[in-house]
Amino acid sequence: MGRAAVPSGASTGAHEAVELRDGDRNRFGGLGVSRAVSNVNTVIGPRLAGIDCDFEEADSIMIRMDGTKEKKKLGANAILAVSMATARAAAQERGEPLFRYLVPKDRYVLPVPMMNVINGGKHAGNDLAVQEFLIEPVGAKTFGEAVRFGAEVYHVLKQILRKEFGPYAVNVGDEGGYAPPLKLTRDALDVISRAISQSGFSQSDVRLGIDPASSEFYDSEKSVYLVDGRALNAGELEDFYVDLVRTYRLLTLEDPFHEEAFSDFSHLTKKLEGTAMVIGDDIYVTNPDRIRTGIKKRASTAVLIKPNQIGTVTETLEAIKLSQKAGLSTVISHRSGETEDVFIAHLATAVGSQFIKTGAPARGERVSKYNELLRIEEEIGNDAPLNRIGT
Ligand code: 2PG
Ligand code: MG
């Protein structure tokens, strides 16, 4: 028996696998998934019945059955749910935890959590252009300690925001971070920096990162980025980021440029070498072909991995292996529209990912991943180190 639920994003990349929705306005405003469910029950299910319980076999059958590059016939949401459920059933059959089944090895290292504590962009109803402001407790020794560091900063941040901006400022956005009425990127980074020091942590205990998700504020007609009340070209935007890295010691910068801007990514990656990591999300969409292009062009230091951008567990693992082989770090990530499914907690452990990005320590669908990682830490026992982050 294996069960799985798949997520959905608000700031999706143009090249993601297709999430099949009904489009029937009378049900769930057109967002129903009865066609995807029926594909699972009447098309995929009967074809897979009787095969060995093996996700790789199931994935290759489903990829062939679908036959399209973007999985638009059966829907990546239908295919991924079956793929994850099959992996889970196989682990169950072998009596093993999912992470051990996905990648069997002697020693596992746990990911550093990237916690999104202030939400902006498409994830919140405020004026911040940048979508995510993340805290990264790289100075913690264990995963449990990292969660504590993050939770303490998150709650001190709440007190500061409430005191300075009133009670509305601590309403939360899609990923559990606060959505205060701030306007500028620097305002958000300032207030988080204060929360970190007021919690008693140093700048090296808890680092900062941002995901501007910049395709969302890119004006392709004028080739400018609309951020913080200004219209910046790629060069000016790069200067803006370099300044932020210098002032706030940012550790990670995700999707700094729009999703086709490989050469702008490469330029920034080179400039920040040894200082901050550049992560590619919408530019790669967990697609091995696009990651290969990124590797060739040295477009980033890290790759964001979202299973539902590509649509099977097999291809997700391929994207991770490819990135790791090229010396890139990985960030296993949730979506803004998440479920309580904890698959990514196991995936991050299985592959030894440097990071997991799964929201603030708030809202059940985010906390479920942190809780599962705490259980995994317990299961591994004393030999459960946290990944050491280089930069
Ligand atoms: C991102 C994600 C997850 P969404 O851009 O990294 O945080 O957002 O799921 O909306 O694409
Ligand atoms: Mg992103």
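Just a few scattered comments:
- Single residue of 44, 61 found to be in contact (Cβ under 8 Å) with a residue 12 or more places away in the chain and surrounded by fewer than 18 Cβ atoms within 10 Å (Cβ to Cβ): 61
- Residues in segment 87-129 that are within 16 Å of ligand 2 (Cβ to nearest atom) and more than 21 Å from residue 363 (Cα to Cα): 128, 129.
- Per-region count, segment 239-259, residues charged (D, E, K, R) and within 16 Å of ligand 1 (Cβ to nearest atom): 3
- Top-ranked residue in segment 1-40 [being in contact (Cβ under 8 Å) with a residue 24 or more places away in the chain and assigned to a helix (DSSP H, G or I); ranked as nearest to ligand 2 (Cβ to nearest atom)]: 36
- Scanning segment 83-133 for residues that are in a loop (DSSP other than H, G, I, E, B) and within 13 Å of ligand 1 (Cβ to nearest atom) yields 120, 124, 130, 131.
- Those residues of segment 266-289 which are under 25 Å from residue 346 (Cβ atoms) and either out of contact with any strand residue (DSSP E or B) (no Cβ under 7 Å at 6 or more places or on another chain) or of a type in the set (A, V, I, L, M, F, W, C) (or both), in sequence order: 277, 279, 282, 285, 287, 288
- Here residue 382 clears all of (1) within 16 Å of ligand 1 (Cβ to nearest atom); (2) in a loop (DSSP other than H, G, I, E, B) except the condition numbered (1).
- Conditions (1) under 29 Å from residue 72 (Cβ atoms); (2) part of a loop (DSSP other than H, G, I, E, B); (3) away from ligand 1 (no atom under 16 Å from the Cβ); number of the one not met by residue 388: (1)
- Among the residues making up segment 323-337, those that are out of contact with any Lys or Arg (no Cβ under 7 Å at 6 or more places or on another chain) and either away from ligand 1 (no atom under 15 Å from the Cβ) or under 23 Å from residue 377 (Cβ atoms) (or both) are 323, 324, 325, 326, 327, 328, 329, 330, 332.
- Tabulated pairs, segment 145-161, first free of Cβ contacts under 8 Å to residues at least 12 places away in the same chain and over 18 Å from residue 363 (Cβ atoms), second part of a helix (DSSP H, G or I) and of a type in the set (S, T, N, Q), C-beta under 9 angstrom, 6+ apart or interchain: 159/198
- Qualifying positions in segment 209-221 - in contact with a strand residue (DSSP E or B) (Cβ under 7 Å, 6 or more places away or on another chain) and over 17 Å from residue 280 (Cα atoms): 219
- Test for residue 272: is it within 16 Å of ligand 1 (Cβ to nearest atom) and touching a residue at least 24 places away in the same chain (Cβ under 8 Å): no
- Cβ pairs under 6 Å, 6+ apart, first in segment 98-125 and crowded, with 19+ Cβ neighbours inside 10 Å, second of a type in the set (Lys, Arg) and part of a strand (DSSP E or B): 114/357
- Output for segment 170-225, where each listed residue is part of a helix (DSSP H, G or I), away from ligand 1 (no atom under 16 Å from the Cβ), touching a residue at least 24 places away in the same chain (Cβ under 8 Å) and out of contact with any Pro (no Cβ under 9 Å at 6 or more places or on another chain): 186, 189, 192, 193, 194, 195, 196, 198
- Qualifying residue in segment 362-371 (condition: within 16 Å of ligand 1 (Cβ to nearest atom), assigned to a strand (DSSP E or B) and under 25 Å from residue 251 (Cβ atoms)): no
- Checked against (1) over 17 Å from residue 87 (Cα atoms); (2) surrounded by fewer than 22 Cβ atoms within 10 Å (Cβ to Cβ), residue 341 passes all but condition (1).
Here, each number is a calculation from the coordinates, and none is a lab measurement. Note that the coordinates shown come from a computational prediction; the quantities given were computed from them, not determined experimentally. Positions of Cβ are generated from backbone atoms using ideal geometry, with glycine treated the same way; all protein chains shown enter the neighbour counts.
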